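The values are calculated or read from the model by the stated rules, or taken from the named source; none is laboratory data. Everything quoted here is computed from the prediction, not taken from an experiment. Here the Cβ positions follow ideal geometry from the backbone for every residue, glycine too, while neighbour counts run over all protein chains shown.
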């Protein structure tokens with residue numbers, strides 16, 4: 001099962017230094033039965049993109065809670081055995097696609113790292129600041145949060161991590 005682990009750039013630096021994503025349990029996102037039902041698509045690429053987007057939103061939440069974090073969302077895509085990832089049950093909008101990975105995962109097993117471009121920093125910064133108000137139902141704040149989601153995460157190979165965290 002491919003899972004998408006939300007991080008910050010500093011979290012990616014820690015994982016790179018340790019050689020693993022951890023400690024367990026890891027919060028991640030994947031194509032779960034509830035995500036399939038919510039998204040109503042059989043196209044695996046669309047479903048994987050939906051899971052990646054959910055992880056990018058979780059990365060934004062990590063950024064919002066850490067004033068020192070670089071304002072770029074980070075998601076690591078990694079394949080784990082199906083038994084290693086337990087899906088959250090139900091259709092709660094906050095947990096769609098959410099899984100818990102029961103063990104730390106060697107970073108060298110990751111398929112890719114997805115990171116915002118420098119162009120997204122201003123919108124991600126504004127979205128992180130507006131997240132609390134958006135959660136309280138403020139439509140203007142939600143519009144600001146959605147502005148960060150308009151940016152596509154870029155794909156990077158594992159060999160490019162030192163340049164990303166440098």
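Taking the conditions (1) assigned to a loop (DSSP other than H, G, I, E, B); (2) in contact (Cβ under 8 Å) with a residue 60 or more places away in the chain; (3) in contact with a helix residue (DSSP H, G or I) (Cβ under 7 Å, 6 or more places away or on another chain) in turn, residue 13 satisfies each one other than (1). From the list 102, 82, the one residue that fits, being within 21 Å of residue 25 (Cβ to Cβ), in contact with a helix residue (DSSP H, G or I) (Cβ under 6 Å, 6 or more places away or on another chain) and surrounded by fewer than 18 Cβ atoms within 10 Å (Cβ to Cβ), is 102.
The residues listed here are 24, 64, 13, 55; of these, the one that is at pLDDT 95 or above and in contact with a strand residue (DSSP E or B) (Cβ under 7 Å, 6 or more places away or on another chain) is 55. Residue check: residue 103 meets all listed conditions (1) assigned to a loop (DSSP other than H, G, I, E, B); (2) over 23 Å from residue 15 (Cβ atoms) but one, namely (2). Counting only residues that are surrounded by fewer than 19 Cβ atoms within 10 Å (Cβ to Cβ) and closer than 21 Å to residue 116 by Cα, region 18-28 holds 1 of them.
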